[in-house]
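The block underneath contains the structure these notes are about, expressed in structure tokens.
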Amino acid sequence: MYHKFIISCFVATWTSLGLWLGNENIGQFKSTQNAWRADTIRKDTLKPTLIGLQRDTTFRPDTVIKTEVRISDLSYLSVCPGSPILIPFTTTGTFKEDNKFIVQITNASGKFVNLSEPAKEGPVAVTLPSNRSGSVLVRVVSTNPEIVGKPTRLTILPLPHARMELIDGSTNTKIGPGQAASYRVMLTGAAPWSFTVSDGTTVTNTLVNPFTAQVAPEQTSSFKVTSVNNTCGSGTTSGEVVVQVSQDTLPVIALKAIPRVGFRLCTATPFQINFSATGKYEAGNGFIVQLSDTTGQNFKNISELIPQSPIMAKTPTGLEPGIYKLRVVSTFPTIMSDTVDVAISAPAKTVLRPDTLQIAEGESTNLTLDFSGGGPWFVLLSDGTYQNDIRTTPYTVKVSPLNPTAYTITSAGGFCGVGDLSGTAFVNVKIPPPTIATGNLSDKTICSGTEITVPFSTTGRFNNANKFLVQIKDTSGRWVYLPTIGGTSSLRAKILPPYLKDTLSTQQVRVISTDPLIEGTPTTLQVMMPNAAQALVTGGAVIRPGGAARLRVSFKNGLPPWSFVLSDGTTINGTFINPYQLTVNPRTTTEYKVVMVNNTCGTGTTDTVPAVIRVETN
């Protein structure tokens, strides 16, 4: 019988495995089964045909091939919108006969949408969206099983765009007869570009961006780009330039693109001046920028002689801060434009006041900075604190050092860049000594072996290698470590007193640290001995047949709820009533005992004294 039982279990196990692996393994399983039986019963009955090498049908999890779809890397590709491309991919594992592969692409909101029709195999031909550009994600998914491949990145080039404007960024200018106006074409998309201007000018395969040119119309005219294309096809255009041709022969110079409050500059700073020059000028004429002194007189040249707008000028080095006048002057004939104010700002100077401040740990304080020179200002302190767009002086910066710290200025400046900086401030941090206070426990009475949360609080500093642990005091007064897990504000510890001599005992628990070694204040709790609950049944009586009697089950040495079983099979689960009373209706004289009692602290003991209910028929 014993051998038959083992054989039955073995056959059931291998039959299940054979069905899981497939029908092709069933025959091999039968050969293995027969060989096992023959070896168990009589070795001389084993057929010779079954001796020798057999296929290993042992199931090994590490031999299972994961079903995956892997798209090829497309991150090196930059493709035009609307282009047809092939998406190659590879697969591993097994796919069902009705499986199909679909290429997906992210839309403008970042969600994947289908890009191709379902295909049986790769590569899959797709046509990229004509309304997308930039970086997109492409992936391949399968339908049976449903597998989502890891996406790859693909760059879709934008269609070209050309925007025309004057060289100074405006769209209108005025010139005299025979003069020229400069314009530029701002190009986007992939180079090279080809475009056509409304006056018939055609530019082919240029790599210059922005592209600049001149027009010299005989009368007032407008100009715009009428078409633009690149390797991705035709694009869009915008912008129009209007060139007004003044028939007045009197030369006039007018400044353009002037800030409402004039220019604000620093010394030795290059800047651009735009202007229009109408009327008739002599051959060899040029234009130059001049700057006055702070009285508005004594103009000096601050640019080279240029035949047309715009002109690059540069403020002289060493100018005193103040308000100056600027103008453009022509040479043949000598005429001047109106003047515009130029405010020269002084280099910034930043001073950190040399204060010595004292704060408690975790507090903040303010450092005071004095600025001068052209603002708004910025400052970077030595601790990495950074403030910018500062428009008032003195200015306070809040700092919260963890340790006593000396502060200096790493960098500071204003409108004219980094300036002079100086000063040191010291902040002393009062660090209290480390202490630990063990908190009150949420459960004051527990069973031995219960895992509880031990809250605690700390002051002061603890080293990085420090650990917080829970200890319990044994009967000799020594503190014993308990298994502890947790962090910096509460710990989980299993309460296992080394020795429990009483059913209910008062224990002391505390939290300590290891680096530095700090002993926390203790807290107390009541610990119940495990498996200490007791139950006693009472209530013997004499009843007539069909009568009833009351039994009372009393509990001690344990915490509710209690569960118990009487000798007649009566089972009560999880009662908080002590004593617990119940009614019984024995047909014959019966002894009742508590055969099992348990509570949250384990299985307890029962009293062997029964309660007897006697049934008398006389």
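The values are calculated or read from the model by the stated rules, or taken from the named source; none is laboratory data. Since the model is a prediction, treat every value here as computed from it, not as a measurement. Counting neighbours? That spans all protein chains shown, and the Cβs are built from the backbone with ideal geometry, glycine included. Heavy atoms of the whole protein, side chains included, go into the accessibility calculation; ligands, DNA and RNA do not. Shrake-Rupley method; radii C 1.70, N 1.55, O 1.52, S 1.80 Å.
Descriptive notes on the structure:
- Candidate cross-link partners of Lys325 among the aspartates and glutamates, defined by an alpha-carbon separation under 20 Å and a same-chain spacing of 8 or more, comprise Asp293, Glu304, Asp338, Asp341.
- Think of a 1.4 Å ball rolled over the protein heavy atoms: the chain then has 56 Å² of accessible area per residue.
- Note on Ala108 and Asn585: the extension gain reaches 163.8 nm, defined as 0.36 nm multiplied by sequence separation minus the Cα-Cα distance.
- Between 0 and 90°, nearest 10: helix 2-21 axis offset from the chain longest Cα axis: 20 degrees
- Stokes-Einstein diffusion for region 319-373 at 20 °C, viscosity 1.002 mPa s, with a Kirkwood radius from C-alpha pairs, works out to 133 µm²/s.
- Heavy-atom accessible surface of the chain: percent carbon and sulfur, 1.4 Å: 52 percent
- Calculated log₁₀ intensity ratio I(q)/I(0) where the Debye formula runs over C-alpha points of region 502-618, q = 0.17, 0.20 Å⁻¹: -0.82, -1.00
- Mean projected area (nm²) of the alpha-carbon convex hull when the chain is viewed from all directions: 59.9 nm²
- When the helices of the chain are scored as -39500 (n - 2.57) per DSSP H run of n ≥ 4 and the total is divided over every residue, the value at 222 nm lands at -2000 deg cm²/dmol.
- Distance violations [Cα-Cα > 29 Å] among Lys120/Lys150; Lys430/Lys467; Lys256/Lys314; Lys224/Lys300; Lys430/Lys473: Lys224/Lys300; Lys430/Lys473
- Across region 252-345, C-alpha contacts under 8 Å between residues 6 or more apart give a mean separation that, scaled by the residue count, equals a relative contact order of 38 percent.
- Segments 378-386, 316-324, 343-351 sorted - mean Cβ within 10 Å per residue, highest first: 343-351, 378-386, 316-324
- Rounded Å value of the spacing that divides the Cα centres of region 246-315 and region 543-593: 112 Å
- Over 21 Å [Cα-Cα, region 435-528], rounded percent: 26 percent
- Normalised by the number of residues in region 534-615, the average gap of Cα pairs under 8 Å and 6 or more apart makes the relative contact order 41 percent.
- Structural descriptor for the chain: relative contact order 6 percent, calculated from alpha carbon pairs under 8 angstrom and at least 6 residues apart.
- Cβ charges +1 (Lys, Arg) and -1 (Asp, Glu), total dipole of region 445-508, debye: 180 debye
- Gyration tensor over alpha-carbon atoms, region 189-314, equivalent ellipsoid semi-axes in Å: 35, 20, 13
- Per-peptide packing, taken as the mean over residues of other Cβ atoms within 10 Å, places 369-375, 71-77 in the sequence 369-375, 71-77 from highest down.
- Summarising the amide proton neighbourhood of Ile87: residues at separation of 5 or more, or on other chains, whose placed amide H is nearer than 5 Å comprise Val124, Ala125, Val126.
- Volume per residue for region 68-156 equals 77 cubic angstrom (convex hull of Cα atoms).
- Sequence ranges 181-190, 466-475, ranked by mean other-Cβ count within 10 angstrom, highest first: 181-190, 466-475
- For Lys556, a cut-off of 25 angstrom between C-alpha atoms picks up these lysines, skipping any fewer than 8 places away in its own chain: Lys444, Lys494, Lys501, Lys593.
- Residues of region 528-543 with amide N under 15 Å of the 7 Å Cα→Cβ point at Thr575: 534-540
- The C-alpha atoms of the chain define a longest principal axis, and helix 26-41 lies at about 30 degrees to it.
- Sorting Phe426, Phe555, Phe211 on solvent-accessible area from highest to lowest, probe radius 1.4 Å, gives Phe426, Phe211, Phe555.
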